[in-house]
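First the structure, in the form of structure tokens, and then the observations on it.
The values are calculated or read from the model by the stated rules, or taken from the named source; none is laboratory data. Just so it is clear, the model here is predicted, and its values are computed rather than measured. Neighbour counts run over all protein chains shown; Cβ positions are idealised from the backbone, glycine included. All accessible areas refer to the heavy atoms of the entire protein, side chains included, with ligands and DNA or RNA removed. Shrake-Rupley method; radii C 1.70, N 1.55, O 1.52, S 1.80 Å.
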Amino acid sequence: MTQERSILILDSDASRQESVRLILEFVGDSVVAGDPGKLPDADTVLALLVAGEAASGKALAAYKAWDPAVPVLVIDGDLSGADESTMYEPLTWPLRYNDLVDALHRAEVWRAQQDRNRERGQRRDVLQFRSLVGASRSVSRVRDMMSQVADKEVTVLITGESGTGKEVVARNLHFHSPRKDKPFVPINCGAIPGELLESELFGHEKGAFTGAISARAGRFELAAGGTIFLDEIGDMPLNMQVKILRVLQERTFERVGGSKQIEADVRVIAATHRDLEKMIEEGTFREDLYYRLNVFPIEMPPLRERSEDIPLLINELVSRMENEEQGSLRFNSAAILSLCRHEWPGNVRELANLVERLVIMQPFGTVGVRDLPAKYRHVEDDEADALEEEELPEPVSHSLPPEENPALLPLNGLNLKEHIEEIEKALIEQALDDEDGVVARAAEKLQLRRTTLVEKMKKYSIQR
């Protein structure tokens, strides 16, 4: 969280309200017992926890009107008619620890996402940005290149294997360009038969060919003022390559069967997984079109070359599942290591599909190596057993390169597990001291979830 917020408890049963307050304070949250008729400023509230009369349908509707961005945890309430635009999390009394911790985590993820949406001024799909997650040098280089060209009116050619996130980059370039308020129109040049591609791109007039019973605008017209994304342009037939080249040169086009010149006020972003230079040598791609498209090239790295980003990507994908209330999942250290050793021919798309499949198969479970499909198991049983005894560290977004984070091994060796635990305990104590014992702020400083920090404090018998 970026600011200190409290969980507001609303319950007509004073005894239960006090019990809930004690439980939440034990978990490590800042808690306020409130009055349904006098709700505070919503910006000061992380989540509502309601029960009794405060969990009625009428009360839930009032909370939505108060602020739909505040998640509501409902104890023994009727959510059958709840509005899906607000997050309602069902709980039962008496509270179970695991259910409460999971609900609090999902509420925090939802609240953070709503804050980001509000800051951006509009809501965007998290799915668009997930494959840009990572701290590797290759991903950082892609981000740097995007920042250089996003606001420029130049043609961009994005290359890389299937599933690396080429359309994600294209959408980001459009969103951060002066054309962001105009349409972003994608078209897969390899998915449309060659004889239909011209009509799809440029539109047609009535009677231009058999079946053309009315005039129709093409993708270039639909993208007027915005961006057209020509995906898999390497699959475009040679005769269409000539026509695309003409549009790029003259900035005008004609509908099929028409003679009127239409201005092409669009920014062109193209992408392909093919080697266009090799295709030029083979005579299957026009060299002049290649140089028109390749004004500013961006190459997307395959996932196998940035395996250090896999824990971060998994964390982001799971967070997205939680935010969409599709379930949750955890991976132990052996499973993470096994996935880092996989070649990922389908890249980020393959990883996303695997996470979604596991969320369906094991909702709110912990995935080990044996729970992964056979082709993703790259850790032997003995190694997995040893790793699964260790607790997987919380993934962080940025870490020092090895040369900036030296560690010396004593000549006689050491017990690595005990050594790491001593370091972790010392860092937690230091963070708590720095933040005057406030768990939420200490968790932020350590880049941990508050509930995770509470569990570690219990593990090391650290008092607040």
- Note on the structure: With residue 228 itself left out, Lys, Arg at +1 and Asp, Glu at -1 over residues whose Cβ is under 13 Å from its Cβ give +1
- Which order do 381, 231 take when ranked by solvent-accessible area (1.4 Å probe, heavy atoms of all protein chains), largest first? 381, 231
- Message: So, taking all protein chains as they sit and a 1.4 Å probe, how much accessible area belongs to residue 23, in Å² rounded to tens?
- Response: 60 Å²
- Query: Quick one: what does P(r) look like for the stretch 149-275 with 10 Å bins over all Cα pairs, in whole %?
  - Reply: 13, 44, 34, 9, 0
- Provide Rg over Rh for the chain; use the alpha carbon set for both Rg and the Kirkwood Rh (inverse mean inverse pair distance). 1.05
- Task: Using R₀ = 22 Å, calculate the FRET efficiency as 1/(1 + (r/R₀)^6) where r is the Cβ-Cβ separation of residue 353 and residue 112; round to 0.05.
- Result: 0.30
- Task: Return the distance in nm (one decimal) between the two label points of a simple spin-label model at residue 250 and residue 452, each offset 7 Å from Cα along Cα→Cβ.
- Result: 5.8 nm
- Message: Check which residues have an amide H placed less than 5 Å from residue 267's amide H, if you skip close sequence neighbours.
- Response: 226, 227, 228
- Message: Full-extension gain between residue 67 and residue 424, please, as 0.36 nm times their residue separation minus the C-alpha to C-alpha distance.
- Response: 124.7 nm
- Note on the structure: From most to least accessible, 1.4 Å probe, no ligand or DNA/RNA atoms counted, 26, 285 line up as 26, 285
- Of all DSSP beta bridges with both partners in the chain, the antiparallel percent, nearest 5, is 10 percent
- If ligands, DNA and RNA are left out, what is the accessible area of residue 418 with a 1.4 Å probe, given in Å² to the nearest 10? 100 Å²
- Query: Given the alpha-carbon gyration tensor of the stretch 8-96, what are the semi-axes of its equivalent ellipsoid in whole angstrom, ordered largest first, with each equal to the square root of 5 times an eigenvalue?
  - Reply: 19, 15, 12
- Item | Kirkwood-based Rg to Rh ratio, the stretch 255-389, C-alpha trace | 1.18
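As a test of the formula, what do you get for the chain when each DSSP H run with n ≥ 4 contributes -39,500 (n - 2.57) and the sum is divided by the residue count, at 222 nm and rounded to the nearest 500 deg cm²/dmol?
Working: 17 runs with 192 residues, N = 464.
It lands at -12500 deg cm²/dmol.
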- Message: Taking 21 Å as the cut-off for C-alpha to C-alpha distance, list the pairs among 38/58; 417/445; 206/260 that go past it.
- Response: 417/445
